[in-house]
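This report refers to the structure that appears directly beneath it.
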Amino acid sequence: MGPVRKDLFVDVVIVGGGTAGCLAAVTIKERAPTAKVMIVEKAEIERSGCLAAGMNAINAYLNPGETPESFAKYVRYDAMGLIREDLVLSAAQRLNKVVKKVEEMGLPIQKKTDGTYIPRGRWNIKINGENLKPLLAQAVKDHDVQVINRVVATNYLINREGRAAGVMGFGVRDECFYVIKAKAVICATGGAAGIYHPHNPVDGHHKTWYSPFNTGAGYAMGIRASAEMTTFEMRFIALRTKDIICPTGTLALGFKAPQVNSYSVRYMTRDFSHLGGEGAPTCLRLYGYLKETKEGRGPCYMDTRHLSPERVRELKESYLDMYPGIVLYWAANRINPGQEQVEISGTEPYIMGGHCQAGYWIDRKRETTVKGLYACGDVAGGYPFKFVSGCWAEGTIAGESAVEYIEEALGGFNSSLPREENGEAQISKEKERVFRPQVRYRQEKSGIRPWEMEERIQKIMDEYAGGIGSFYEINEHRLVRAGDELRRLQEQVRYLVAGDSHELMQAHEVIDRLIVAEVLVEHLRYRKETRWPGFQSRTDYPERDDLHWLKFVNSKLKANGEIEMIERPYKQEIPGERYIPR
Ligand SMILES: Cc1cc2nc3c(=O)[nH]c(=O)nc-3n(C[C@H](O)[C@H](O)[C@H](O)COP(=O)(O)OP(=O)(O)OC[C@H]3O[C@@H](n4cnc5c(N)ncnc54)[C@H](O)[C@@H]3O)c2cc1C
């Protein structure tokens with residue numbers, strides 16, 4: 001007897017109960033109170049995803065004097081001239097409203113004596129956000145949204161007209177196979193960590209900057225459903241405190257600590273203010289550190305030695321709201337950042353649409369190229385510099401669009417679900433695929449363990465697709481090797497084994513990472529220029545080439561398993577001069 005199957009029927013199913021997913025759920029219930037809304041979450045929404053440990057700042061906010069247009073212009077500058085301006089503008093119009101909404105849910109935002117928010121930089125405000133995720137989870141519960149925790153989504157259900165009609169997955173605790181049929185689907189599973197080798201070894205391998213449990217499931221599900229994906233080649237590599245991987249933005253913006261090399265020389269000296277930049281674009285800050293290190297002037301640091309004891313105390317308080325690890329590390333090792341500089345390093349590369357813009361190709365309503373499937377947050381592409389508030393804004397847009405779609409295209413919330421004729425074939429195929437590693441383990445007792453395949457993917461990506469060992473640099477020959485090796489590995493997937501349901505989850509995590517890695521390599525190969533130095537540095541095409549490459553590189557998995565590359569034009573929506581840093 002195989003795993004028990006559970007069939008559930010809802011109006012909207014949201015995959016991933018993180019930052020964006022929670023706001024999408026609340027929005028739907030506000031717009032359509034009778035709607036049956038379900039969140040499928042692989043962890044526990046109380047403390048899942050990027051917000052699990054809390055936050056100390058909201059990084060996308062229109063402080064007094066700023067407008068959605070000035071924000072979008074800045075984002076364009078930070079992303080070296082290439083963004084989906086329609087997506088950035090439509091979210092920017094909601095940023096302040098959505099922050100207010102979360103404040104009303106209970107988020108403490110730091111205020112001046114006149115009651116206005118305390119800015120932490122041009123686009124940031126300070127919060128006491130240790131409890132941010134439980135607050136969102138509570139709002140979801142208060143709005144009568146059904147949440148199923150510990151259920152790993154594995155694939156969409158697509159109806160015969162090609163519309164998204166639900167999602168399938170399995171329970172890690174109850175070991176059931178879930179079939180959740182819905183009128184509309186929203187994907188909010190975040191980005192992908194673990195595609196490259198984590199810098200911290202063995203027990204510390206989950207000590208990555210990005211949530212290690214966001215393993216690219218939403219991308220993989222979309223790729224398998226032939227949804228169009230965009231800009232995977234703009235990887236995000238965070239510049240962080242070494243080993244502890246603590247955000248350096250807190251030091252740079254909140255405490256005015258400059259980047260310095262081992263000779264205490266400030267190397268980020270170029271003035272970008274005439275381009276509308278507050279500092280160098282994010283990728284160039286990493287690039288500056290890489291250049292110093294490569295040319296023998298590393299290690300590099302954030303120089304905190306100007307901080308008074310009072311400011312050091314404030315710094316520690318600020319980190320306790322978000323990244324308590326570094327405060328414990330300093331305490332355990334008797335480090336005083338007022339006397340000692342803080343060493344910095346690049347992290348392993350991540351694929352994400354929040355800081356960068358890898359993800360589903362969506363329209364202004366956040367609908368993907370699969371009808372009835374919406375995407376928001378880090379899994380959605382084309383809109384970098386999203387941060388927590390941009391994810392909220394995008395969640396509200398996706399939620400509203402799903403309601404509109406059900407009302408206008410599917411006869412409203414009281415209509416019954418469309419009958420599926422080919423659904424059963426798809427469902428039994430997926431059930432067999434999902435549990436195959438467990439079945440193989442029972443039958444054969446031997447095979448490839450998920451961690452072994454994970455190691456192999458990461459080694460290939462590190463060595464051939466721009467890992468830290470090559471200063472994140474790439475070239476055609478290495479990328480071709482990466483593609484060949486990954487395809488070889490794809491043939492080994494059938495030998496994966498899983499001894500229990502937890503290991504089954506890990507098996508699907510590597511299966512998802514593998515397909516994301518394959519698509520990523522094709523994107524890296526296709527863009528024959530260097531647009532984002534540090535994030536995407538091609539040694540064979542070291543210059544930016546606006547004439548040929550000021551456009552989006554997209555991809556789509558074809559029925560024969562080939563990855564088709566597609567070009568989409570850049571459209572300027574904000575008038576005025578476009579500044580792209582050189
Ligand atoms: C360390 C760190 C610090 C940050 N600091 C700041 C900051 O100070 N200020 C700021 O504004 N922004 C910050 N950000 C950015 C911001 O937190 C993210 O952009 C945002 O939280 C992403 O939201 P999301 O909903 O897309 O993803 P998440 O919030 O990560 O949610 C994704 C959810 O999907 C679930 N999921 C994944 N796969 C599956 C599956 N197969 N089935 C079911 N569920 C699944 C996950 O468990 C998770 O709950 C930071 C991000 C990180 C990683």
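Just so it is clear, none of the values below were taken in a lab; they were calculated from the coordinates. No experiment lies behind these values; they were computed from the predicted model shown. All Cβ positions, glycine included, derive from the backbone under ideal geometry; neighbour counts span all protein chains shown.
For this structure, a couple of remarks:
- Rounded to the nearest 10 degrees, the inclination of helix 95-105 to the longest alpha-carbon principal axis of the chain is 70 degrees.
- Cα centroid separation, segment 391-407 to segment 79-146 (Å): 17 Å
- Among residues other than Arg525 with Cβ under 13 Å from its Cβ, the summed charge is -2 (Lys and Arg +1, Asp and Glu -1).
- Extreme residue, positive dipole direction of the chain, given options Ala137, Leu307, Tyr464 (C-beta unit charges): Leu307
- Per-residue Karplus couplings for segment 551-559, computed as 6.51 cos²θ - 1.76 cosθ + 1.60 with θ equal to phi - 60°, are listed in order as 7, 8, 9, 10, 8, 8, 7, 8, 4 Hz, Gly and Pro entered as x.
- Value of [θ]222 nm, deg cm²/dmol, for the chain, DSSP H segments ≥ 4, -39500 (n - 2.57) each, nearest 500: -11000 deg cm²/dmol
- Loop-located trypsin sites (Lys or Arg not before Pro) in segment 310-417 (DSSP state not H, G, I, E or B) with no more than 10 neighbouring Cβ atoms inside 10 Å: Arg334.
- Residue-by-residue Karplus 3J(HN,Hα) for segment 426-442, coefficients 6.51, -1.76, 1.60, Hz, glycine and proline x: 5, 5, 5, 5, 5, 4, 5, 5, 4, 8, 3, x, 6, 4, 4, 4, 5
- Distance (nanometres) between label positions extended 7 Å along Cα→Cβ at Arg173 and Glu543: 5.9 nm
- If you count Lys pairs in segment 289-437 whose Cα atoms are under 27 Å apart, skipping same-chain pairs closer than 8 places in sequence, the total is 5.
- Cα point-scatterer Debye curve for segment 210-355, base-10 log of I(q)/I(0) at q = 0.18, 0.22 Å⁻¹: -1.11, -1.42
- Two-decimal log10 I(q)/I(0) for segment 275-403, as the Debye equation yields it once each C-alpha is a single scatterer, q = 0.09, 0.13, 0.14 Å⁻¹: -0.43, -0.79, -0.86
- Anisotropy class of segment 134-235 from Cα gyration tensor, a/c 1.5 cut: oblate
- Cut-off under 5 Å, modelled amide H: who pairs with Lys371 long-range: Ala164
- GluC sites (Glu not before Pro) within segment 86-176, DSSP loop, no more than 14 other Cβ atoms inside 10 Å: Glu161, Glu175
- Only Cα pairs under 8 Å and 6+ residues apart enter the sum, and on that basis the relative contact order of segment 388-546 stands at 23 percent.
- Annotation note: GluC sites (Glu not before Pro) in segment 528-582 located in DSSP loop regions with a Cβ neighbour count of at most 13 within 10 Å are Glu543, Glu562, Glu577.
- Isotropically averaged projected area of the chain, using the convex hull of Cα atoms (one quarter of hull area), nm²: 25.8 nm²
- With each label modelled as a point 7 angstrom along the Cα→C-beta vector, the Tyr495-Arg442 pair spans 2.3 nm.
- When both segment 339-363 and segment 438-513 are represented by their alpha-carbon centers, they are found 22 Å apart.
- For segment 20-123, the Cα gyration tensor yields ellipsoid semi-axes of 26, 19, 15 Å (square root of five times each eigenvalue, largest first, whole Å).
- When the convex hull of its Cα atoms is projected in every direction, mean area for segment 466-580 (nm²): 10.2 nm²
- Assuming charge only on the beta carbon of Lys and Arg (+1) and of Asp and Glu (-1), the dipole of segment 361-510 about its Cα centre is about 460 debye to the nearest 20.
- From phi via Karplus (6.51, -1.76, 1.60), per-residue ³J(HN,Hα) for segment 192-199 in Hz, x at Gly/Pro: 10, 9, x, 6, 10, 5, x, 6
- Measuring r between the beta carbons of Glu424 and Asn333 and using R0 = 56 Å, the FRET efficiency lands at 0.40.
- Among the listed pairs Lys97/Lys183; Lys73/Lys183; Lys111/Lys256; Lys141/Lys459; Lys6/Lys445, those beyond 30 Å (Cα-Cα): Lys73/Lys183; Lys141/Lys459
- For segment 403-492: rounded, prolate or oblate by the Cα gyration tensor [a/c cutoff 1.5]: oblate
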